[in-house]
Amino acid sequence: MTEPDRLALEVASQVRDAVRPELGTARARQRVSRAPGGDVTMAIDEVAEQVVEQRLEAEGDIGFYSEDRGLVTYGRPRAILVVDPVDGTRPAAAGLESGCVSVAVVPPSEDARLGDVSFGVVHELRNGQRFWATRGRGAGREGASGELLELRLSDNTDLRSLFWTAGLRGRPLLPTSVVLEELVDGSSMRGGYFDLGSATFNMTRIVTGQLDAYVDVGRRMVDECPETEAAFLEVGEGAVCTNFAYDVAAAVLIVQEAGGVATHADGRPLDTHPAVGSSRAHGLAVLAAASAELHGALLAAVDRGMHRLRAWVGRSS
């Protein structure tokens, strides 16, 4: 393990220590600002951001990119940490278990890509469970007391029995439901759809075997059906809110190193997507699954959903 890898683990642990007393408190939900990507910054986010900033400033010769601070460098960085100090702000503010801190390590370049992520850690804020992965060397999981836990991938490939979740925050409900209705309705009785509020928590459930897949179609909807942009802007209070690299960089590596599949929502590899940044051009949508066979079935279902969306938009206009 390299020094930046150890630093990533340490930062994640320190964020958890600082944020845990804030979980579920009234002050955690206070709106304090707005992140460059468009999401609301709540007080619990700011507590976590300050921990990241103070720890890495003390470290020196390091850089980080976070949801609210953007790119910050100290000295001559030997790496950049791509950080989402609280992924799942709303469940964390509510005191639910699906809030995490996510930290990924990339080379010290603003041109770093998701394929350059060498190490990633996702640390649950409430329960303390921790996941990590090193590119080419596998993934791991441990409990709050440090005990090693099993990584498991579901063998389900039947969409009717799908246990899954999707990205919904900031996505307009009606057009999103048009894309996802086949999956939601099809799994309603034999499987189940869950809205857990955190991309990192969602994807790490794939490697625990609790869920089969994570389906985020937001950015694909805007890119392929620009007629939906007005609805995105309305829901996002003037911003197109989708996932960014800091949301998924660590979790994508964990899923892939554990043997799962994670791609763009249209099936393209994620490797060339920028790892640093949160402009409109940096948004992305992720399709992650426990197996290649399930991923293929989900991709086909999403393709059908996009066809329905284009027809629906045409009827609505």
Over the stretch 167-317, relative contact order from alpha-carbon pairs under 8 Å, at least 6 apart, %: 31
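Determine the per residue accessible area of the stretch 165-317 with all protein chains present and a 1.4 angstrom probe, expressed in square angstrom.
That works out to 36 Å² for each residue.
How compact is the chain by the rule of thumb for globular proteins, expressed as Cα Rg over 2.2 N^0.38 Å? Before the final figure, lay out the partial values.
On the way: Rg = 18.4 Å, N = 317, 2.2 N^0.38 = 19.6 Å.
Normalised Cα radius of gyration, the chain: 0.94.
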Prolate/oblate/rounded call for the stretch 14-161, Cα gyration tensor, a/c under 1.5 rounded: oblate
In nm, spacing of pseudo-spin labels at Thr2 and Leu173 (7 Å Cα→C-beta vector): 4.5
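Given the stretch 1-135, what percent of its DSSP beta bridges are antiparallel, to the nearest 5? Please report the intermediate quantities before stating the final value.
Details: 25 of 29 bridges.
That works out to approximately 85 percent antiparallel.
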Debye intensity ratio in log₁₀ form over the Cα atoms of the stretch 225-266, taken at each q of 0.15, 0.19, 0.31 Å⁻¹: -0.54, -0.69, -1.02
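Using packing as a proxy for protection, rank 178-191, 257-270 so that the peptide with the highest average count of other Cβ atoms within 10 Å comes first.
On the way: 178-191: 17.4, 257-270: 19.3.
Ranking, from highest mean packing down: 257-270, 178-191.
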Cα pair count fraction exceeding 20 Å, expressed as % - the stretch 165-310: 43
Alpha-carbon gyration tensor eigenvalues x 5, square-rooted, for the stretch 256-317, Å: 25, 19, 6
The chain: relative contact order as a whole-number percent, Cα under 8 Å and 6+ apart: 18
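Given Cα pairs under 8 Å that are at least 6 residues apart, what percent is the relative contact order of the stretch 237-317? Walk me through the numbers on the way to the answer.
Numbers: 75 pairs, mean separation 26.3, N = 81.
For the stretch 237-317, the relative contact order is 32 percent.
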Backbone HN-Hα couplings from phi across the stretch 216-224 [Karplus 6.51/-1.76/1.60, Hz, Gly and Pro as x]: 10, 10, x, 5, 4, 4, 5, 5, 8
With every protein chain in place, the stretch 181-309: carbon and sulfur % of accessible area (1.4 Å): 52
Protection proxy ranking, peptides 277-288, 17-28, 80-91, 192-203, average beta carbon neighbours within 10 Å, highest first: 80-91, 192-203, 277-288, 17-28
Solution diffusion estimate, µm²/s, Stokes-Einstein, the stretch 89-174, Kirkwood Rh from C-alpha pairs, 4 °C, viscosity 1.567 mPa s: 82
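The values are calculated or read from the model by the stated rules, or taken from the named source; none is laboratory data. For clarity, every value in this text was computed on a predicted model and none was experimentally measured. When we count neighbours, we look across all protein chains shown, and the Cβ atoms used for this are built from the backbone with ideal geometry, even at glycine. Surface areas here come from the heavy atoms of the whole protein model, side chains and all, with no ligands, DNA or RNA. Shrake-Rupley method; radii C 1.70, N 1.55, O 1.52, S 1.80 Å.
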